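Below is one structure; the comments refer to it alone.
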Amino acid sequence: MSETFLNVKLIGKPENALAVIYAACRQCYSPMFAGNMYEDALSSKEPEKIGEFVRKVISSGHESPVEHVKFTFAIEGVSRALTHQLVRHRIASYSQQSQRYVTGAEFSYIVPPSFKKDEDILSRFVSTMEEIQKSYNELSSLLKKNGIDGEKANQDARFVLPQAAETKIVVTMNCRELIHFFRERCCTRAQWEIRALAERMLQLVRHELPEVFASVGAKCEELNYCPEGPKFSCGKFPSKESYKR
């Protein structure tokens, strides 16, 4: 068992995303068939105009067309504490590593940055992880002696595993849900681990589809004020009340 770290890989991305978004948006206002508009976008000799059109769609707040495009991420080196937050984003698909079918006999763990600032705290945390690992293995051994083995032993022994235990998960979100996810989780008020994940995911999709994600980030960056109110603001932007004045 040992500390592990965040790793995110983009394993599923759309083909012709701009053409799809362009056709979907144009269909809302045009008597033409979206299939033909899609083909027109693909064959356009001025693709930069397609990109500019999509940028204007996003900046205008008309976000439903981007729901037709989705991305899939393979994520590892995150804690169960993080995934409990992640799955609250409901318009998404998740496939998570099971603690029933995958043994925790040598689980890795995530260390909060604040623990690393003090050697005594870090030492206590690591020893706690080791104690939990020992308890998990002892419980598994006792269950085997009672005729319970394999996944049946894992599903009960896992009750002692910590939220710090590392997990792996595959996540798929459409662009509109990703925009919402980034607005919420790139905020400095978001928990540090899920904020790090959101920032890494944003880097990946911004590279793939800058027309949609170039200006996306925490809510305040789009609003130019902090919607959290003076009490919770990090101070980067003025409060909503101050901005209105």
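The values are calculated or read from the model by the stated rules, or taken from the named source; none is laboratory data. Bear in mind the structure is a predicted one, so any value in this text is a computation, not a measurement. For neighbour counting, all protein chains shown are included, and Cβ atoms are generated from backbone atoms with ideal geometry for every residue, glycine included.
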* Asked: Taking segment 63-76, which residues are surrounded by fewer than 18 Cβ atoms within 10 Å (Cβ to Cβ) and assigned to a strand (DSSP E or B)?
  -> THR72, ALA74, GLU76
* To do: Kindly list the number of the only condition in (1) assigned to a loop (DSSP other than H, G, I, E, B); (2) out of contact with any helix residue (DSSP H, G or I) (no Cβ under 8 Å at 6 or more places or on another chain); (3) of a type in the set (Lys, Arg) that fails for LYS56.
  => (1)
* Asked: So which residues in segment 149-185 are β-branched (Val, Ile, Thr) and either at pLDDT below 95 or assigned to a helix (DSSP H, G or I) (or both), if there are any at all?
  -> VAL160, ILE179
* Asked: In the list MET173, MET129, which residue meets the criterion of being in contact with a Pro (Cβ under 9 Å, 6 or more places away or on another chain) and surrounded by 15 or more Cβ atoms within 10 Å (Cβ to Cβ)?
  -> MET129
* Only one of SER108, SER127, SER114 that is free of Cβ contacts under 8 Å to residues at least 12 places away in the same chain and within 24 Å of the chain's Cα centre (by Cα) -> SER114
* To do: Test LEU197 against the stated conditions and say whether it is closer than 29 Å to ALA19 by Cβ and in a helix (DSSP H, G or I).
  => no
* Would you check which residues across segment 1-41 are assigned to a helix (DSSP H, G or I), loosely packed, with under 13 Cβ neighbours inside 10 Å and free of Cβ contacts under 8 Å to residues at least 12 places away in the same chain and list them? => ASN36
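Condition (residue is free of Cβ contacts under 8 Å to residues at least 60 places away in the same chain and part of a helix (DSSP H, G or I)) applied to segment 186-193: is it met by at least one residue? Walk me through it before giving the result.
First pass over segment 186-193, keeping only residues free of Cβ contacts under 8 Å to residues at least 60 places away in the same chain: 186-190.
With part of a helix (DSSP H, G or I) added as a condition, the list becomes none.
No: zero hits.
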* Structure fact -> VAL102 fails exactly one of (1) farther than 30 Å from ARG55 by Cα; (2) touching a residue at least 40 places away in the same chain (Cβ under 8 Å); (3) part of a helix (DSSP H, G or I), namely (3)
* Specify which of the listed residues (PHE5, PHE53, PHE73) is of a type outside the set (Gly, Ala, Ser) and either in the same structural domain as LEU223 (by TED's automatic domain parsing) or more than 18 Å from GLU199 (Cα to Cα) (or both). => PHE53
* Mind telling me which of the residues ALA153, ALA198 ends up being over 28 Å from VAL66 (Cα atoms) and either touching an Asp or Glu at 6+ places or on another chain (Cβ under 7 Å) or buried (at least 17 other Cβ atoms within 10 Å of the Cβ) (or both)? => ALA153
* **Count of segment 202-239 residues which are more than 29 Å from GLY51 (Cα to Cα), of a type outside the set (Asp, Glu) and part of a loop (DSSP other than H, G, I, E, B)** => 11
* Contacts under 6 angstrom Cβ, first residue in segment 53-76 being closer than 16 Å to ARG206 by Cβ, partner part of a helix (DSSP H, G or I) and among the acidic types (Asp, Glu), 6 or more apart -> VAL54/GLU211; ARG55/GLU211
* Asked: If you check GLN99, GLN133, which single one turns out to be more than 26 Å from PRO14 (Cβ to Cβ) and either modelled with pLDDT under 95 or under 22 Å from the mean Cα position of the chain (by Cα) (or both)?
  -> GLN99
